[in-house]
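The values are calculated or read from the model by the stated rules, or taken from the named source; none is laboratory data. Keep in mind the model is a prediction, meaning the values are calculated, not measured. Neighbour counts are summed over all protein chains in view; Cβ atoms, including those assigned to glycine, are modelled from backbone coordinates with ideal geometry.
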Amino acid sequence: MSMFKDIPVDVGVIYEGERIRRNDMQVELGGPTVKEKFELAKVKPMDEIEDGKITIIGPDIKDLKEGGAYALGILVEAAGATLDQGLEGVIERRIHGYLNYIEGFMHLNQRYDIWIRLSKKSFQKGLNSFESIGKVLYRLFKSELPIIEKVQITFITDPAKVAELYPNAMQDYESRDAKARGLKDEDVDKFYGCTLCQSFAPTHVCVITPQRYSNCGAISWFDGKASANVDPKGPVFAIDRGELINAEKGEFSGVNEVVKKRTMGEVTQVWLYTAFDHPHTSCGCFEAVAFYIPEVDGFGVVNRSFKGVSVNGLSFSTLADSTAGGRQIDGFHGMSIEYMRSKKFLSADGGWNRIVWLPKEVKERVKDFIPKDVIDKIATEENATGVDALKSFLKDKNHPVVARWAAEEAPAAEAEALEVKEEAAGTMMPVATAASLPIMAGGFKIILKDAKIYANKVIITTVKSEKSEKR
Ligand code: SF4
């Protein structure tokens, strides 16, 4: 039975994490094929809000053709005696959580990147109007965040109106982000954690610091602070930073403790400023992925809205699949665009001196934060569409990574000579070294710490999952 009698489908936390495939969807709102879409929360004076008012500008769900993708703007305007603009980011991020409580309604991402699907099944049950969606949002906002005294919600599907409001929304996001710049991690004794994405990635915890924005790009350290204050039992909570264990990598005892607890021991160590060894986990709604390109010993970055394939031949979605799920994957790092504006942006790996490729659109957005001596040495899709071309570009421009190639070549040549010698003597060769190497066997996970593995022969085969074999 539904949590709300007048809503035709069920509403509850059990629907969080529900995925709706293309074949099962009635309509898609926003998403990769729609250029302009947004969700925005605004705090307004009391007399400007009509509590409970739901407005639809443009066609309602029942008027949208089955299987199509449509523009969408969601505007949540709230008022309350103790509400201020500092809480807009917090209110806005709740839209994601609350909409995912609706049976057959999937909400992904945030801000200008929203991607929503309504299932055919829920549509057939009668969920065919934004009026119902608005009622659910209204009731959850009022019951979960009592600090909100009045709230009105507007859904915009008229593409011209969405396009008109889109630049204002982008301006609002930028002003919010700009406010959070300037504070340093060492200036505070509390960080903030968020587990909102655990419904999709159960071992993911975002650690939000002044200099490491949340992966989704929707929650700054200030937003985290505000959220933890107004809703201490909610998904955003304070983390006592604790002792600084490693300043270069960004390891703090308090972060390790909290992450271990919140991931049921699955993740025990987090290095905030690197994509290697113990990187911050990646959920699924990160705005961009930094990916290591071994051929040039540098990182590429690709964002969600980049349509082509990145310089290593892989699209955003393929790279995102290799990164997501709450895992710590060496060399793959889900992150926000705002993190690229931070002095701590992959600082332990060389920061901007290690970035070799990124889409032109992203370069334009963060250009004021890229050091002047490296900006022209970083390729975009206009300079290189493959690794060979990238290598030539970097060499021509004398990108800082080129100096690393020379440094690496010398020991590599020595190692090669040694390998030939040892092979001739019939010695087994090391095939892998790792600080921590997990092996799955007989239902157990065996972790080899600081292992060096030797083998006469290595055979790599694709393992089909039981599920896919049964299909
Ligand atoms: S990406 Fe991080 S901060 Fe954003 S909603 Fe998910 S867990 Fe929270």
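Couple of notes before you dig in:
- Scanning the range 260-270 for residues that are touching a helix residue (DSSP H, G or I) at 6+ places or on another chain (Cβ under 7 Å) and surrounded by 18 or more Cβ atoms within 10 Å (Cβ to Cβ) yields V267, V270.
- Set side by side, the residues F369, F345 differ, and just one is farther than 14 Å from V402 by Cα and surrounded by fewer than 20 Cβ atoms within 10 Å (Cβ to Cβ), which is F369.
- Whichever residue in the range 126-156 is under 20 Å from A41 (Cα atoms) and in a loop (DSSP other than H, G, I, E, B) and, among such residues, is farthest from the ligand (Cβ to nearest atom): E149
- Within this structure, R354 fails the test of being crowded, with 18+ Cβ neighbours inside 10 Å and at pLDDT below 95.
- Exactly one residue among E248, E257, E243 is touching a Ser or Thr at 6+ places or on another chain (Cβ under 7 Å) and surrounded by fewer than 16 Cβ atoms within 10 Å (Cβ to Cβ), and that residue is E243.
- The condition of being in a strand (DSSP E or B) and either on the phi > 0 side of the Ramachandran plot or touching a residue at least 60 places away in the same chain (Cβ under 8 Å) (or both) holds for only one of I7, I56, that being I56.
- Of everything listed in (1) assigned to a helix (DSSP H, G or I); (2) among the aromatic types (F, W, Y); (3) closer than 29 Å to N303 by Cα, the single unmet condition for F123 is (3).
- Single unsatisfied condition, G234 versus (1) surrounded by fewer than 18 Cβ atoms within 10 Å (Cβ to Cβ); (2) of a type in the set (G, A, S); (3) more than 11 Å from the ligand (Cβ to nearest atom): (3)
- Pairs with Cβ under 6 Å, 6+ apart, first in the range 349-360 and over 14 Å from F276 (Cβ atoms), second of a type in the set (S, T, Y): K360/T380
- Residue within the range 30-42 that is outside any loop (DSSP other than H, G, I, E, B) and farther than 21 Å from C216 by Cα present: no
- For the range 183-204, filtered to residues that are among the polar types (S, T, N, Q) and modelled with pLDDT of 90 or more, the residue that is farthest from the ligand (Cβ to nearest atom) is T203.
- Within the range 357-405, the residues that satisfy the criterion of being within 13 Å of E295 (Cα to Cα) and of a type in the set (G, A, S) are G386, A389, S392.
- Residues of the range 207-226 that are out of contact with any Cys (no Cβ under 8 Å at 6 or more places or on another chain) and in contact (Cβ under 8 Å) with a residue 60 or more places away in the chain: V207, T209, Q211, R212, Y213, G217, A218, S220, F222, D223, A226.
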